[in-house]
Amino acid sequence: MADLFDCVGGIQTFNRALVHSLDDICGKNKWMVEVLVLLDGGRDSRLHVYCPSGFIHYHAYSGNRLRFIIDVLRMGYGADYIIIGHASFLALALILHAKSKILVAHGIDAWARFDLAREWGARRLDLILSVSDFTASRLRQANSSLPAPIRLFPCTLDPFYGLNMGTVIPRAELGLPDGCMILCVSRLNSQERYKNIDLLIQAVAQLRNKRPNAFLVVVGDGDDRRRLQREAEHFNAQDIIYFMGRANEKTLFDYYRTCDIFALPSTGEGFGIVYLEAMWHSKPCIGAAAGGVPEVVENDVTGCIAVQDHLESLISAIDKLVGDEDLRARMGQAGRNRLEHLYSYVGFVKRLENILVEI
């Protein structure tokens, strides 16, 4: 896999759940697992928390691709299972010798046609695990000749999400006002403008006359942050749009706890773990009818799905939730129920163990 502990994001959360699940399964079945992580530096203190059984050996390479590839080939030779954590590593499947080779397909990484090396690597797969039906469909459309079956394997939260977070910090201590707080959590990178933060800024700005109590909090950082701040200034909304920068785990948890609505109108999510985080806190979600988001956020049940890239539809979704506190409470509770029913960590482990036993 590319990274596990040293980066923050949905794929990294998925990877930590995967590794901890493997630790649970291996401890029960006495299986030995080698976890090779290209970009980790290997200095994170959480390893013993996620891998307490002693049956998982963790190897970090600090970006050294040559050492990583050599060890993948050496340790993977003759393995019963090889799980390839990202489509960017597919070419390795050409020269890996194992009983079963499995790819995890997340999102944009698997939506386009593979280059020749990855295509031939993909032909050597025995199974593809897709985090959403949308990703599975796009993968098949772009790479129609792949022989491996695709199995739905949705994301879950970090297995330790919500533990030891302490008491709720009042909103005022976070530097935020009273009113209806709309939260957005996202990287603010110029290469990820499909997140549509600028569209969300415009929508909140245009609602201010009708909903003067609503304000937007954007948590995250990146090279596009200054442009987005100028967007808020352009719409004369800098007083109701708060850019909080990158937050640590505890502070991010507090933002979720104190918000009223979660919104991310992204068009490029294979799944969207941030929606699960909001659902854990019983918050209604606003997303776009794009990618895997409509599979996670059930429209008019756990939140509102706006038309992709459509300002008026997004404004309508925000207006609907800002104006109805009871609706927010019902949708938030429905989201928490959906999370526990479909996306729990226990269910994630059970699905993974069934796959490994059956393949």
Segment 182-236, Rg to Rh (Cα coordinates; Rh as Kirkwood inverse mean 1/r): 0.96
Stokes-Einstein translational diffusion, segment 1-137 - Kirkwood Rh over all Cα pairs, 0.692 mPa s, 37 °C, in µm²/s: 214
Percent accessible area from carbon and sulfur atoms, the chain, protein chains only, probe 1.4 Å: 51
Space enclosed by the convex hull of the alpha-carbon atoms of segment 135-183, per residue, Å³: 150
Kirkwood estimate for segment 209-259, i.e. one over the average of 1/r between Cα atoms, Å: 12.0
Loop sites in segment 34-107: chymotrypsin sites (Phe, Trp or Tyr not before Pro), DSSP, at most 16 other Cβ within 10 Å: 77
Those trypsin sites (Lys or Arg not before Pro) in segment 85-158 that DSSP places in a loop and that have at most 15 other beta carbons within 10 Å: 113
Of every Cα-Cα pair in the chain, the percent that sits beyond 38 Å: 20
Residue-normalised accessible area of the chain, expressed per residue, 1.4 Å probe, Å²: 44
Hz values of 3J(HN,Hα) by residue in segment 180-196 - Karplus curve (6.51, -1.76, 1.60), Gly and Pro given as x: 8, 8, 9, 10, 10, 10, 6, 5, 10, 9, 5, 7, 10, 6, 5, 5, 6
Residue 190 - accessible surface, heavy atoms, 1.4 Å probe, Å² rounded to 10: 50
Nearest 10 degrees, 0 to 90: helix 311-322 Cα axis against the chain principal axis: 80
Cα-based radius of gyration of segment 62-103 once divided by 2.2 N^0.38 Å, which approximates compact folds: 1.08
Kirkwood-Stokes translational diffusion coefficient of segment 262-359, alpha-carbon pairs, 25 °C, 0.890 mPa s, µm²/s: 177
Restricting segment 1-61 to trypsin sites (Lys or Arg not before Pro) in coil, as DSSP defines it, with at most 11 other Cβ within 10 Å: 30, 43, 46
HN-Hα J in Hz across segment 67-73 - Karplus 6.51, -1.76, 1.60, θ = phi - 60°, x for Gly and Pro: 4, 4, 5, 4, 6, 4, 5
Phi to ³J(HN,Hα) by Karplus 6.51 cos²θ - 1.76 cosθ + 1.60 over segment 134-147, Hz, x for Gly, Pro: 4, 4, 4, 5, 5, 4, 5, 4, 7, 9, 5, 8, 5, x
Cα-Cα P(r), segment 216-316, percent of pairs per 5 Å interval: 3, 12, 20, 22, 24, 15, 4, 0
Distant-in-sequence amide H partners of residue 303 (H built 1.01 Å from N, under 5 Å): 285, 298
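The values are calculated or read from the model by the stated rules, or taken from the named source; none is laboratory data. Please read all numbers here as calculations on a predicted model, not as lab measurements. Please note: Cβ atoms are built from the backbone with ideal geometry, for glycine as well, and neighbour counts cover all protein chains shown. Just so you know, the surface numbers come from the protein's heavy atoms only, side chains and all, with ligands and any DNA or RNA stripped out. Shrake-Rupley method; radii C 1.70, N 1.55, O 1.52, S 1.80 Å.
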